[in-house]
Every structure is written in structure tokens, then in C-alpha cells.
1. Please state the relative contact order of the chain as a whole percent: Cα pairs under 8 Å, 6+ residues apart?
2. Plugging the Kirkwood radius over Cα pairs into Stokes-Einstein for segment 38-83, at a temperature of 37 °C and a viscosity of 0.692 mPa s, what D comes out in µm²/s?
3. Give the angle, between 0 and 90 degrees and rounded to the nearest 10, that separates the Cα long axis of helix 73-83 from the longest principal axis of the Cα atoms of the chain.
4. Calculated from DSSP H runs of 4 or more alone, at -39500 (n - 2.57) each and per residue, what is the 222 nm mean residue ellipticity of the chain, nearest 500?
5. Between residue 163 and residue 35, 0.36 nm times their residue separation minus their Cα-Cα distance comes to what?
6. Taking other Cβ within 10 Å of each residue's Cβ, how do 174, 43 sort, fewest first?
7. Convex hull over the Cα atoms of the chain, averaged projected area in nm²?
8. First measure r as the distance between the Cβ atoms of residue 225 and residue 184, then evaluate 1/(1 + (r/R0)^6) with R0 = 30 Å and state the FRET efficiency to the nearest 0.05.
Amino acid sequence: MPHPQTANGSPVGPRISVIVPTLNEQACLTATLNALALAPGDELIVVDAGSTDGTPDIARRYTSRFYQGPRGRAQQMNHGAWHARGDVLLFLHADTLLPADGLDAVRSALQQPDTVGGAFRLIIAPATPALRLVAWGTNLRSRVGGLPYGDQALFVPRRIFDELGGYDDVPFMEDIRLVQALRRRGRLIILPQAVATSGRRWQRDGVLFTTVRNIVLMTLYFCGVRPATLKRWYG
């Protein structure tokens with residue numbers, strides 16, 4: 001489906017910078033970047049933290065905006081935002097696939113009054129019964145509690161991101177801290193379109209253990225435990 005454009009070939013609506021932080025992601029990065037449907041004026045930025053596999057070579061096949069950044073997801077995403085030229089920043093994990101109409105959905109969502117950002121509904125692949133249940137809980141938390149996570153492809157207007165000072169320089173929970181800051185500014189929207197994120201963490205560590213661990217760490221975060229401490233416990 002072609003993207004709507006103005007007479008000079010630029011997209012109707014804001015230009016989007018898709019920022020992907022990477023570290024040894026050759027197993028999934030090709031699929032993630034293949035799924036992107038950029039309109040004229042949009043851009044892809046990949047910020048790598050010192051991969052020792054084929055990640056840099058893969059990224060360079062898809063974009064000239066490839067940067068080596070400091071290690072740490074928050075710092076990598078801030079580094080990408082600093083280089084971005086778009087009106088909207090969309091932060092995409094390297095193992096997460098955007099839907100084909102995802103960027104157009106973001107443009108439409110940000111036209112709604114008081115909307116300061118948002119995220120997508122989540123699917124976890126492979127969609128086993130257990131992972132479908134995990135995704136259902138995630139989507140319920142996002143929709144009712146207004147608390148999406150980073151693997152749901154957070155997006156925010158560049159102006160607001162800059163006013164907030166970007167991601168906090170913390171080793172863990174940087175996505176939650178950004179969401180909390182955005183909620184104080186206005187309305188977050190959860191798009192009905194779904195991103196598909198890899199279930200590799202749940203498959204590696206076990207669905208029950210991973211889910212309980214995430215709930216415990218989130219609870220401790222809201223009780224005031226420092227992100228650096230939580231990162232050590234997360235492993």
C-alpha cells in the first residue's frame with residue numbers, strides 16, 4: 001500500500017526516525033529491518049554498542065545512519081535521537097517487528113489532541129498458549145494501566161523527547177521512566193496494530209520464571225529500588 005505523499009514526495013504528516021539499539025543481534029536484525037516500511041522523509045538509525053558478530057554488516061545494508069554508541073540501551077537510544085532528523089522518534093528493539101502500516105498509524109495517532117506518545121499492542125512469537133497469555137497480560141496492563149514497555153515500540157514527538165531530556169541514564173527500567181514522564185505531560189495511546197517481539201527470553205529462562213521475575217522487579221522498582229540494583233538481579 002503506497003504511503004500518502006505531498007507533491008514534493010514527502011510524507012503527509014510528521015517524518016519518523018526509527019531508532020534501533022543493537023548488541024550482537026545478527027540472528028534477528030535482518031527480519032526486523034526487512035519489516036520496516038519507511039515513507040519518503042522517514043529514516044532508520046541503528047546505534048550499536050560494540051557487536052562482535054555480523055550485526056554492523058547487516059545494519060549497513062539497510063541504512064547509512066549507522067553509529068557506534070556507548071553501551072547501554074538508554075545511552076544508545078539517546079545517541080540515536082541526537083542524530084535524528086525526524087519530527088517523531090520511534091524506538092524499536094532489534095528483535096521486534098513493526099506491522100506494515102505501523103508508521104502511518106503513528107502519524108495518525110499523534111494528530112489526536114493531547115497525545116504525547118504511545119506504543120503498540122504486543123504479540124510474542126512464537127504464539128504458544130503460554131506466550132499468548134503473557135501477551136494478553138501485557139496488553140491489559142498497557143491499555144488499562146497506561147504502562148507499555150520498550151518492546152512495544154515506544155514513540156514520542158521529538159520536541160517532547162528533548163524537553164524531557166531524553167531517556168534517563170540508567171541501566172534498567174529506562175522505558176518505564178520515559179513512560180512515567182510522558183504520562184505527566186499528556187495522553188499515551190496504545191495502537192490497535194501489534195508489534196511482534198521475540199519470545200527468546202521466555203523460551204530461554206522459562207515462561208513462568210521470566211514472568212514472575214518481571215513482575216517482582218517491576219514491583220520493587222515502584223517500591224523505590226534503584227535501577228542499577230534491579231539490573232544486577234535481572235542478570
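1. Taking the mean separation of contacting Cα pairs over the length of the chain, I get 21 percent.
2. Stokes-Einstein gives a translational diffusion coefficient of 296 µm²/s.
3. 10 degrees
4. Helix contribution divided over all residues of the chain: -12000 deg cm²/dmol.
5. Stretched out fully, the residue 163 to residue 35 stretch lengthens by 43.0 nm.
6. Ascending number of Cβ neighbours within 10 Å: 43, 174.
7. Working: hull surface 50.5 nm².
Projected over every direction and averaged, the Cα hull of the chain covers 12.6 nm².
8. The computed FRET efficiency comes out at 0.90.
Bear in mind that the values in this text are calculations on the coordinates, not laboratory data. Remember, it's a predicted structure, so these values are computed and weren't measured experimentally. Cβ sites come from the backbone with ideal geometry, for glycine too, and all protein chains shown count toward neighbours.
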